[in-house]
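Below is one structure, written out as structure tokens; the observations come after it.
The values are calculated or read from the model by the stated rules, or taken from the named source; none is laboratory data. Nothing here was measured: the structure is a model prediction, and the numbers come from that model. Quick reminder, even Gly has a Cβ in these numbers, built from the backbone with ideal geometry, and neighbours come from all protein chains shown.
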Amino acid sequence: MRYGDLRAGHDVLTFDPAHCYGLAEYARIIELFLDAGWSRRDFQPHGGHLFGLHVAAGLGLGGCECNPHNFQPFGGFSDDRKIADGMTTPPNEPGIGFETRGQLMDLFCRLIEM
């Protein structure tokens, strides 16, 4: 929290929940920062994919990264979601929404058939 003179309410923290040992540990990190005076709005999950969008929505964070052009077919959000004025919503499907990504589901199906 003290590294690099980070400032609550000014700096945006972009930890990757998957690289923080999963959602439970990511939530624990957020709680540590909240106890030190930071806000949930200071957090925006890194990764640019559906999991980050769900984490941001579920934990009430300030937003999340979107990466629609890199790391395909994982990067970006649901095929039917549009980003307008920098905002979108998670899909209503259960899980983290892999089923809403056509190219990703095609890949999963090919891997299952192997």
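Values as computed for the structure displayed
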{"quantity": "Residues of the stretch 44-60 classified as surrounded by 14 or more Cβ atoms within 10 Å (Cβ to Cβ) and over 10 Å from the mean Cα position of the chain (by Cα), total", "calculated": "1"}
{"quantity": "Answer from MET105, MET114 - the residue that is over 30 Å from LEU34 (Cβ atoms), out of contact with any Ser or Thr (no Cβ under 9 Å at 6 or more places or on another chain) and at pLDDT 90 or above", "calculated": "MET105"}
{"quantity": "Candidate set: the stretch 9-38, residues that are surrounded by 14 or more Cβ atoms within 10 Å (Cβ to Cβ) and of a type in the set (Gly, Ala, Ser); chosen: the one nearest to the chain's Cα centre (by Cα)", "calculated": "ALA18"}
{"quantity": "Of the criteria (1) exposed (fewer than 12 other Cβ atoms within 10 Å of the Cβ); (2) out of contact with any helix residue (DSSP H, G or I) (no Cβ under 8 Å at 6 or more places or on another chain), which one ARG41 fails", "calculated": "(1)"}
{"quantity": "Of all residues making up the stretch 58-114, the number that are without any contact (Cβ under 8 Å) to a residue 40 or more places away in the chain, touching a helix residue (DSSP H, G or I) at 6+ places or on another chain (Cβ under 8 Å), more than 26 Å from ASP11 (Cβ to Cβ) and aliphatic (A, V, I, L, M)", "calculated": "2"}
{"quantity": "Leading residue by the ranking (surrounded by the fewest Cβ atoms within 10 Å (Cβ to Cβ)) among those in the stretch 61-97 that are among the polar types (S, T, N, Q) and touching a Leu at 6+ places or on another chain (Cβ under 8 Å)", "calculated": "THR88"}
{"quantity": "Some residue of the stretch 61-82 being within 24 Å of PHE108 (Cα to Cα) and part of a helix (DSSP H, G or I)", "calculated": "no"}
